[in-house]
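Read-outs: derived from the displayed coordinates by stated rules, not from any lab. Only a predicted model underlies this, so the values are computations on that prediction, with no experimental measurement involved. Note that we place each Cβ from the backbone using ideal geometry, even for glycine, and neighbour counts take in every protein chain shown.
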Amino acid sequence: MGQFDALLRALRSWRKKAPARMFAPEFAYAQDGLYTQHCADFMKEERFATAYAAGEATGSWGGAPVHWRVYIACWLAERASAFGGDLIECGVNRGGIARAVVSYLGAALEGRRFYLLDTFHGIPETILSDREILHDRVFKEYYTECYDDVLNTFRAFPQVAVVRGLVPDTFGEVDSDRFCFVHIDMNNASSEIAAAEYLWPRLEVGGFMLLDDYGWQVNLDQRHAFDRFAAQRDMTVLALPTGQGLLMKSRADDFGRR
Ligand SMILES: C[S@@+](CC[C@H](N)C(=O)[O-])C[C@H]1O[C@@H](n2cnc3c(N)ncnc32)[C@H](O)[C@@H]1O
């Protein structure tokens, strides 16, 4: 007991002298549902800052800061471009993440196509579940008519193909059969699973499928649907602290194509 008391006293005395921030360190990153003391050094990279600013300037994120999510998309797109194949995003809105990725990749995008699929005027309620309708009503004001603006944003980038219409109906207009990076961000499970079913067999081994909404508690339908999608292929989705989910194609196993 005496020893325990002595230890307690020593700890208390050390606690008084130690700098306050050892017990309540500042967050290195605090936005977008993620509060952490872990290093976020990518925030200081000039190349990333330039890419992020280009994405932000599209107005796609409604003023919300989403740095870590965008960084993950940029990093994966760059890693994936070590493989053959094109890039595709389903759910583009005004092109925020796509524009950041185009900037981040720079010359690495040459010789590839980056397909951007969206209605460019929001989600028809008829394809949403009751839960998704509630969520969509909160965000609807951000998904307004933006087709012409998106065409303008990407006019200087001949590698980018803007495809307007409802996913999955518009896959017929995508003239590629090989992808290294797939980004799915449509805020509804039926469209997202239809996209994943179509694109997974066309994903290169080593390529990534990034799911923007996987970990958000308001997007439970998507999480459950992708957990089933992954289980059917003997995988699990990697839950990222940003709320994103990640699948990597590690073998040419699935349902036929490669
Ligand atoms: C969260 S936003 C995408 C955000 C975008 N990735 C960005 O960087 O800002 C969701 C988008 O998905 C689109 N969308 C949802 N379901 C769709 C479908 N079945 N076909 C085409 N677009 C769809 C909406 O029009 C909306 O623009």
Taking all pairs of different Cα atoms in the chain, averaging 1/r and flipping that mean, what Kirkwood radius in angstroms comes out? 19.8
Show me the three semi-axes of the equivalent ellipsoid for the stretch 125-200, from the C-alpha gyration tensor (sqrt of 5 times each eigenvalue), largest first, rounded to whole Å. 24, 19, 10
Over the chain, what relative contact order in percent results from Cα pairs under 8 Å that are six or more residues apart? 17
Could you work out the Kirkwood radius for the stretch 154-258, taking every pair of different alpha carbons, averaging 1/r and inverting it, reported in Å? 14.4
Using only helices, what value at 222 nm comes out for the chain when you add -39,500 (n - 2.57) per DSSP H run of length 4 or more and divide by the total residues, to the nearest 500 deg cm²/dmol? -11000 deg cm²/dmol
Give me, ordered by chain and number, the residues 5 or more places off Y115 or on other chains with an amide H under 5 Å from its own placed amide H. L87, I88, E89, A161
Could you put D221, D149, D212 in order, starting from the residue whose Cβ has the fewest other Cβ atoms within 10 Å? D149, D221, D212
What does the extension gain come out to for A239 and S129, with contour length at 0.36 nm per residue minus their alpha carbon separation? 37.3 nm
Dipole of the stretch 26-248, positive end: most advanced residue of Y142, P124, F48 [Cβ charges, Cα centre]: F48
Among N219, T242, Y35, whose Cα lies farthest out toward the positive end of the dipole of the chain, if unit charges sit on the beta carbon of Lys, Arg (+1) and Asp, Glu (-1)? Y35
What size of dipole, in debye to the nearest 20, comes out for the chain about its Cα centre when the only charges are +1 on Lys and Arg C-beta atoms and -1 on Asp and Glu C-beta atoms? 1340
How big is the equivalent ellipsoid of the stretch 67-197 along its three axes, where each semi-axis is √(5λ) from the Cα gyration tensor, reported in whole Å from largest to smallest? 24, 15, 15
In what order do I127, I97, I72 fall by count of nearby beta-carbon atoms within 10 Å, going from fewest to most? I127, I72, I97
Set the Förster distance to 45 Å, then compute FRET efficiency between V138 and K44 from the Cβ-Cβ distance, nearest 0.05. 0.85
